[in-house]
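This report concerns only the one structure given below.
The values are calculated or read from the model by the stated rules, or taken from the named source; none is laboratory data. It should be emphasised that the depicted structure is a prediction, and the values quoted were computed from it without experimental measurement. Here Cβ is always computed from backbone atoms with ideal geometry, including for glycine, and neighbour counts include all displayed protein chains. The accessibility values were calculated without ligands, DNA or RNA, using every heavy atom of the protein model including side chains. Shrake-Rupley method; radii C 1.70, N 1.55, O 1.52, S 1.80 Å.
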Amino acid sequence: MAAAINKALRQVDLIRNGQQRLLTLWQHKKSKLDQCFQWRLFEQDCEKMFDWILHNRDVFQMSYVEIGHNYSVAKSLQDEHQKFAVASMNVSVNIDRILAVASRLIESQHYAAQHIKTLATRLDRTWKDFAAGLDERTAVLQLSVLFHHKAEQYCNSVASWAAACQASQPLPSDIQSLETAIRTHQSLYEAMCQAYTEV
């Protein structure tokens, strides 16, 4: 009887040890599967962002070099670009969230930490390149609008400047009138030079 009880106790210990090993293996496998699930979600989010960035970059680059041939066209392009830029910059929230997830996965000693870091770095670089392109386009369109506005002002002022130059005909005969005409002509010249410089 004592031998049977000892044998039963050994069997119970073996079963307990087996259960512990099985539970440990199950926990380890569950942890790996959870990490794999997190990794796949991260990859899927990255791929969606890459698709969005690349698609919108292609759309954006189709009109990248258009700056307009007059003020109204340049202003229209600027307004259109501004709407596109605002909509695009709203995506930065998603990019930041994905990069934060990547940081958490890397810090948690994820088994694919190197791959996650590489993918996160690539996403960050792609986004920054896209955002830099938006900023460059914004600056170019601002300069285009300013140029066309000043150029149209200059062209519209030419007729009045020409009329002001003709207004001093015939030449004044007295010194006081002549000095006044010279000052008026000099200020007209300075206004024309200032307008030209602004263009």
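General observations
- 32 Å Cα-Cα threshold exceeded, pairs from K30/K117; K75/K128; K7/K32; K29/K128; K83/K150: K7/K32; K29/K128
- Accessible-area composition of region 119-199, carbon plus sulfur, in percent [1.4 Å probe]: 60 percent
- Cα extents of region 1-73 along the three principal axes, largest first (Å): 107, 14, 8
- When the residues M1, M89 are ordered by accessible surface, computed with a 1.4 Å probe over the protein chains alone, the sequence from largest down reads M1, M89.
- All-pairs alpha carbon distance profile, region 139-199, 5 Å steps from 0, percent: 4, 16, 21, 18, 13, 10, 7, 5, 3, 2, 0
- Equivalent ellipsoid, region 42-97 (semi-axes from 5 times Cα gyration tensor eigenvalues, Å): 29, 12, 5
- 0 to 90° range, to nearest 10: angle between helix 71-89 axis and the chain longest Cα axis: 20 degrees
- The relative contact order of the chain comes to 25 percent, based on Cα pairs under 8 Å that sit 6 or more residues apart.
- Once the convex hull of all Cα atoms in region 98-140 is built, its volume per residue stands at 48 Å³.
- Principal axis extents of the C-alpha atoms in region 64-132 (largest first, rounded to whole Å): 57, 18, 10.
- Cα Rg, Dmax (largest Cα-Cα span) when computed across region 96-199, Å: 30.5, 96
- Cβ-based charge dipole, the chain, positive-most Cα from A139, T180, T121: T121
- Pairwise Cα distances in the chain exceed 27 Å in 64 percent of cases.
- Charge dipole (Cα centre; +1 on Lys/Arg Cβ, -1 on Asp/Glu Cβ; no other charges) of the chain amounts to roughly 2140 debye.
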